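The values are calculated or read from the model by the stated rules, or taken from the named source; none is laboratory data. It should be emphasised that the depicted structure is a prediction, and the values quoted were computed from it without experimental measurement. Here the Cβ is made from the backbone with ideal geometry for all residues, glycine too, and neighbour counts use every protein chain on show. Note: accessible area is taken over every heavy atom of the protein model, side chains too, but ligands, DNA and RNA are not part of it. Shrake-Rupley method; radii C 1.70, N 1.55, O 1.52, S 1.80 Å.
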Amino acid sequence: MTHRYASVRRSVAAVGTGAAILLAALLSPSAGAAPAGAALSSAQAGGLAHRLTSAEAGGAAGAYYDATARKLVVNVVDGAAADRVRRAGAEPRTVKYSQAQLESVRTALRNTAKTPHTSWAVDVRANKVVVTADQKVGPAAFEKLQQAASAYGDKAEVRRTAGTFRQYIRGGDAVYANLQNGEVGRCSLGFNVVDSFGTPYFLTAGHCTDATASWSDSPLGGEIGTTAGGSFPYDDFGIVRYTAPVDHPSEVNLYDGSAQPIHYAADAYVGQHVFRSGSSTGLRDGEVLALDVSVDYGEGNVVHGLVATNACAAPGDSGGPFFAGDAALGLTSGGDGDCVTGGTTFFQPVTEPLAVYGVHIG
C-alpha cells in the first residue's frame, strides 16, 4: 500500500460494537434519544452507538447500522433491554447469546485453537463467533479448527477464505522505508499528527515502522522522517517524526485531484460506510463487518483489536488511512484479497496510537 507524505491519505469510520452496550440510564430522554423508528444517518447512528456502548450490560449483544433501513440495530437478549433500546431511538433485535458469552467463546478459541493464518471475530449479525482460515491452513489444521468450534455448538462457526492473510507492504512509490539490507519497502502514510509542542509526525502501520528507522518520499531519496515508535505484533501502528521541512496538511488524498480534510478521530461501528486511501489502489470504500478482530498473519505475527471491512486494498496500501467524512478511523493493516478479487481488509483503530503517543490529528 502506498501513501504520499504531504497529505494524510486514509482512514475509516468506526464505532466499536465489540463492546457490550449500556442499556440503562443512557437511554432516558435526557440522553438525546431519537424518536423510536426515526430514520438515522450514519453519523447519527454512530453517535447513538457511542452512547449505548459506553458501558457493559448483561442484556447487550452487539449492534450494527442497517444502511438500507437507515437504523441502528441493537442485539438484546431480554424484553426489558428491548424496551430501553426502542426508547433510545434504536431498533432492538432479540438474539440467543449476549456479547459477553460470545466474547468468552472467542477468547477460548483464540487461546486453545491457535493456528497461523486465521482470524477470530464476533459476527454481530449472525450472533456467533466466526473463525476464518485462509488457504495456507491445510486440511488437517482446518479439521482441528472445526472440532474445536464444534464444542461451542451454534455459538461458533469455521469458514474458509479464498485468499491469504498478509500485511500489505511492497517495493514501489509513496512513503518509502529505506531498509538496512539496501532494499526499499513501500507503505502508505496514514494521518499527519502533532504533539502538544506542535512537533509534526505521521502515523502508519507498525509492521512498516518495524522494518526501518529512515523514511523518504522517493526510492532511496533524501530522508523526510525517522521512526519514533511502533507496536507490532499484537498491535499494528507506528509513528514517524518529520525531519525535513515538508508540508503536512491534515487531509486524505482522494486520488481525483482533491483531498478530504481530517479534523478528528472516531471509533467505528458495524455497518458503517467507510473509505480508505492508498497509493496502490487509490480511493476505495466499503462497509465495516466486525470489530475487535484478531488476525494471525503467520510467523508469530498475531494482531488483536482490528476492524474488518470489505473495502479492498493491496500490497503497498499498508498504513494508509481509513476514514468517514472528516473523521480519522484507522490505519490499514492487511487482508486476504486485492481490488481485483475483493476480500477482507483489516485496519488498526487510530484512537489507540493517538493515546499511546500523546498526539492529535492536525
> In the stretch 325-350, what count of residues is obtained for those that are closer than 22 Å to ASP123 by Cα and touching a strand residue (DSSP E or B) at 6+ places or on another chain (Cβ under 9 Å)?
Replying inline: 17
>> Show the residue pairs meeting these rules: Cβ distance below 6 Å; 6+ apart or different chains; first residue within the stretch 101-112 and more than 10 Å from VAL129 (Cα to Cα); second residue surrounded by 15 or more Cβ atoms within 10 Å (Cβ to Cβ).
In response: ARG110/TRP120; ARG110/SER294
> Within the stretch 123-135, which residues are open to solvent by 10 Å² or more (accessible area, probe 1.4 Å) and within 18 Å of the chain's Cα centre (by Cα)?
Replying inline: ASP123, ARG125, VAL130, THR132
> In the stretch 298-313, how many residues are over 13 Å from THR344 (Cβ atoms) and open to solvent by 10 Å² or more (accessible area, probe 1.4 Å)?
Replying inline: 6
>> Criterion first (in contact with a helix residue (DSSP H, G or I) (Cβ under 9 Å, 6 or more places away or on another chain) and on the phi > 0 side of the Ramachandran plot) does GLY282 satisfy it?
In response: no
> Of the residues that sit in the stretch 244-273 and are open to solvent by 20 Å² or more (accessible area, probe 1.4 Å) and of a type in the set (Ser, Thr, Tyr), which one is nearest to VAL122 (Cα to Cα)?
Replying inline: TYR264
>> Can you report the number of residues in the stretch 96-116 which are open to solvent by less than 30 Å² (accessible area, probe 1.4 Å) and part of a loop (DSSP other than H, G, I, E, B)?
In response: 4
>> Every residue in the stretch 174-226 that is assigned to a strand (DSSP E or B), open to solvent by 10 Å² or more (accessible area, probe 1.4 Å) and either of a type in the set (Phe, Trp, Tyr) or closer than 26 Å to LEU283 by Cα (or both), please.
In response: ASN178, VAL184, VAL194, PRO200, TYR201
> Between residues in the stretch 338-358 that are open to solvent by less than 20 Å² (accessible area, probe 1.4 Å) and residues that are assigned to a helix (DSSP H, G or I) and modelled with pLDDT under 95, which pairs lie under 9 Å by C-beta distance while being six or more apart or on different chains?
Replying inline: none
> If only one of ARG276, ARG241 is open to solvent by 60 Å² or more (accessible area, probe 1.4 Å), in contact (Cβ under 8 Å) with a residue 40 or more places away in the chain and assigned to a strand (DSSP E or B), which one is it?
Replying inline: ARG241
>> It is to be established whether one or more residues within the stretch 53-60 are among the β-branched types (Val, Ile, Thr) and open to solvent by 20 Å² or more (accessible area, probe 1.4 Å).
In response: yes
> Which ones in the stretch 71-95 are in a strand (DSSP E or B) and of a type outside the set (A, V, I, L, M, F, W, C)?
Replying inline: LYS71, ASN75, GLU91, PRO92, ARG93, THR94
>> With outside any strand (DSSP E or B) and within 21 Å of GLY163 (Cβ to Cβ) as the only criterion, which of ALA313, ALA290 stands out?
In response: ALA313
>> So for the stretch 144-166 (the condition being part of a strand (DSSP E or B), among the acidic types (Asp, Glu), surrounded by 13 or more Cβ atoms within 10 Å (Cβ to Cβ) and at pLDDT 90 or above), does at least one residue qualify?
In response: yes
